Amino acid sequence: MKTSQLPAFYKNPLQKRQEILLENSTLDKNDIETISNTKNKTEIFDKMIENMIGIFPIPLGIATNFIVNKKEYIIPMATEESSVIAAVSFAAKLARNSGGFFVTSTGIDVVIGQIQAIEMKISAEEAKKNVDSYQEKLCLMINTKFPKMYERNGGAKYMTSRILTISDDFQKSQTRKEMLIIYFMIDVKDAMGANIVNSMMEFIAPTIETLVQGNVLLKIISNLPIHRTFTAKAVWTKQVLQESSKNKYSGDEIAQRIIQAWQFAENDPFRAATHLKGMMNGIDSVCIATGNDFRSIESAIHSFRKYSLEIPRFSGLEQMILDDILFTDLQKQEILNSRTNTLTKYYQNNNGDLVGELFVPLSIGVVGGATKVNPVAQTCLKLLDCKNSQELASVFAAVGLAQNFAALRALVTEGIQKGHMKLHASNLAIMAGAQNNQEIEQVTQLLYQKNPSEISLSTATLILNQIRESFEK
Ligand SMILES: CC(C)(COP(=O)([O-])OP(=O)([O-])OC[C@H]1O[C@@H](n2cnc3c(N)ncnc32)[C@H](O)[C@@H]1OP(=O)([O-])[O-])[C@@H](O)C(=O)NCCC(=O)NCCSC(=O)C[C@@](C)(O)CC(=O)[O-]
Ligand SMILES: NC(=O)C1=CN([C@@H]2O[C@H](COP(=O)(O)OP(=O)(O)OC[C@H]3O[C@@H](n4cnc5c(N)ncnc54)[C@H](OP(=O)(O)O)[C@@H]3O)[C@@H](O)[C@H]2O)C=CC1
């Protein structure tokens with residue numbers, strides 16, 4: 001990739017945009033055909049899900065201007081929401097002055113498989129002792145049964161367990177139920193890992209039943225991959241901040257207003273929900289475009305936020321992290337101290353420039369799931385040209401930070417509606433009933449001339465009726 005800077009890319013018609021993409025990326029004409037026309041791929045989609053009756057198209061765009069860890073990326077994003085792609089492209093453009101986005105990670109592609117042991121004939125303490133003393137053998141059994149992941153230097157790395165004591169208040173029986181929860185740390189390399197880990201857990205369950213002299217109920221992957229975390233960081237200089245507001249605000253003012261907006265979200269759950277929605281606008285769009293499991297990502301990120309605030313409440317969890325041999329001490333502290341309400345941080349550096357940070361768990365694959373089945377996802381992965389899951393997840397994290405920053409920047413300067421509703425105008429024209437490109441374009445252009453607060457469906461409908469009346473005269 002030469003450069004991801006494609007100035008005014010959006011001002012071109014679709015065909016010209018596709019030509020520019022061909023000139024500036026790894027894609028070829030067949031790839032453009034694949035993303036433009038899925039009609040002849042029905043049989044593939046028919047194999048992906050049950051009772052398939054058709055294909056649900058989501059617009060696919062590209063985010064421009066991105067540099068992540070010193071590499072240029074044109075980033076595919078599948079979303080139905082206007083202004084998201086413009087926002088992240090703008091944020092990336094503004095960050096280029098400072099080298100773009102820098103993403104670090106634990107570098108550990110480990111996900112957690114869980115086993116729930118119940119109805120043990122021995123005490124939970126004894127069961128825990130039996131299982132813990134057998135952990136190397138259990139990991140060896142898994143890696144022997146699933147050799148290919150082990151041969152990739154992946155597979156079962158480590159196991160730990162925790163006693164859960166449940167008092168059955170709601171059944172008024174006052175019985176105290178003991179469970180033993182076993183956590184297998186499985187390195188799944190470049191896959192997201194859910195299917196393989198679930199197979200591993202179902203395989204090892206009978207052995208666990210013998211060790212605990214009880215039954216195994218749940219054997220399933222956890223969607224809280226605390227070993228697979230990514231920290232994205234970017235600096236927006238006072239200069240670019242001031243210019244982004246067309247000099248209406250100084251860079252220092254914008255930086256301080258963004259920090260205050262972030263502090264609001266850190267201290268108010270209602271604001272935090274929208275702050276996070278902004279971040280997920282970016283992450284989900286790249287997740288869907290690359291055929292990854294966005295429900296898993298959403299669950300992981302929102303659970304991680306709650307988890308890091310609640311560790312002390314659940315007995316033994318904190319100790320489990322401190323004892324975890326896969327983390328460095330620094331990583332343990334980062335996990336235990338990541339008690340931010342928004343998984344983001346904003347502050348000014350010594351130059352007064354704004355620094356944004358985002359810290360999220362991301363368990364995604366460049367193989368497995370739909371990544372290699374959905375032809376459009378395959379094309380998007382080809383465009384990104386990421387060599388492994390770590391690199392792809394770094395792009396996800398950068399886009400999440402970019403969208404979060406862009407939303408805050410707009411909110412603390414011109415307001416969100418100016419940019420968002422202008423880009424939403426063509427949707428409103430269609431909702432108002434504009435029938436063809438000419439009507440859509442006419443209504444959109446007239447909506448552009450309105451104040452952001454006047455850009456609405458009723459205004460679009462009024463304009464469309466006026467256009468049709470003047471045409472009939
Ligand atoms: C929308 C902008 C970027 C306009 O901002 P602007 O100042 O009018 O942009 P510009 O015309 O100066 O263009 C600057 C760059 O923006 C990009 N850009 C500009 N226009 C386009 C376009 N049509 N199509 C594609 N890219 C566009 C493009 O990269 C362009 O530079 P170039 O690459 O051309 O050299 C700005 O107002 C903005 O960033 N707004 C934020 C919008 C946003 O966050 N949308 C998300 C949906 S709202 C939401 O759900 C999240 C939220 C807000 O609720 C979260 C929260 O509350 O925290
Ligand atoms: N989030 C959740 O809780 C759940 C999600 N899912 C779905 O599971 C899917 C993801 O599961 P996953 O197991 O990743 O996908 P797959 O079931 O598609 O399997 C990925 C497989 O790819 C093979 N492989 C080839 N090269 C590599 C490599 N370099 N690194 C790692 N694996 C490699 C491995 O098989 P081999 O070792 O045999 O070569 C691996 O098991 C997603 O579609 C997700 O939606 C399913 C259940 C639950």
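The values are calculated or read from the model by the stated rules, or taken from the named source; none is laboratory data. If you're wondering where the values come from, they're calculated on a predicted model, not measured in any experiment. Glycine gets a Cβ as well: all are built from the backbone with ideal geometry, and neighbour counts include every protein chain shown. Ligands, DNA and RNA are stripped out before the accessible areas are found, and what is left, the full protein with its side chains, is counted by its heavy atoms. Shrake-Rupley method; radii C 1.70, N 1.55, O 1.52, S 1.80 Å.
Surrounded by 14 or more Cβ atoms within 10 Å (Cβ to Cβ), within 16 Å of ligand 1 (Cβ to nearest atom) and in a loop (DSSP other than H, G, I, E, B), is that true of Asn341? Here the answer is yes, as Asn341 does meet what is asked. Filtered by the rule that a residue be within 14 Å of ligand 2 (Cβ to nearest atom) and either open to solvent by less than 20 Å² (accessible area, probe 1.4 Å) or of a type in the set (Gly, Ala, Ser) (or both), the range 298-309 gives Ser299, Ala300, Ile301, Ser303.
Of the numbered criteria (1) open to solvent by 30 Å² or more (accessible area, probe 1.4 Å); (2) within 16 Å of ligand 2 (Cβ to nearest atom); (3) in contact with a helix residue (DSSP H, G or I) (Cβ under 7 Å, 6 or more places away or on another chain), the one Ala289 fails is (1).
Where helices (runs of 4 or more DSSP H) fall wholly inside the range 1-58, the ranges with 1 or more residues that are loosely packed, with under 14 Cβ neighbours inside 10 Å and within 16 Å of ligand 2 (Cβ to nearest atom) are 42-48. Being surrounded by fewer than 19 Cβ atoms within 10 Å (Cβ to Cβ), over 30 Å from Ser244 (Cβ atoms) and not hydroxyl-bearing (Ser, Thr, Tyr) is a description that applies to Lys387.
Here the range 1-16 is the region considered, the condition is being touching a residue at least 40 places away in the same chain (Cβ under 8 Å) and more than 13 Å from ligand 1 (Cβ to nearest atom), and the residue that is nearest to the chain's Cα centre (by Cα) is Met1. Per the conditions (1) in a helix (DSSP H, G or I); (2) more than 16 Å from ligand 2 (Cβ to nearest atom); (3) open to solvent by 20 Å² or more (accessible area, probe 1.4 Å), the sole criterion not satisfied by Arg295 is (2). On the basis of being open to solvent by 10 Å² or more (accessible area, probe 1.4 Å) and part of a loop (DSSP other than H, G, I, E, B), does Lys372 make the cut? Taking the combined requirement at face value, the residue satisfies it. Scanning the range 253-266 for residues that are open to solvent by 60 Å² or more (accessible area, probe 1.4 Å) and touching a residue at least 40 places away in the same chain (Cβ under 8 Å) yields a total of 3.
So is Ala393 in the same structural domain as Phe66 (by TED's automatic domain parsing), buried (at least 19 other Cβ atoms within 10 Å of the Cβ) and either more than 27 Å from Leu22 (Cβ to Cβ) or touching a Phe, Trp or Tyr at 6+ places or on another chain (Cβ under 7 Å) (or both) or not? Yes, satisfied. Residue check: Ile108 meets all listed conditions (1) over 21 Å from Val216 (Cα atoms); (2) in contact with a Phe, Trp or Tyr (Cβ under 6 Å, 6 or more places away or on another chain) but one, namely (2). When Ile335, Ile364 are checked against the criterion of being modelled with pLDDT under 95 and open to solvent by less than 10 Å² (accessible area, probe 1.4 Å), a single residue qualifies: Ile335.
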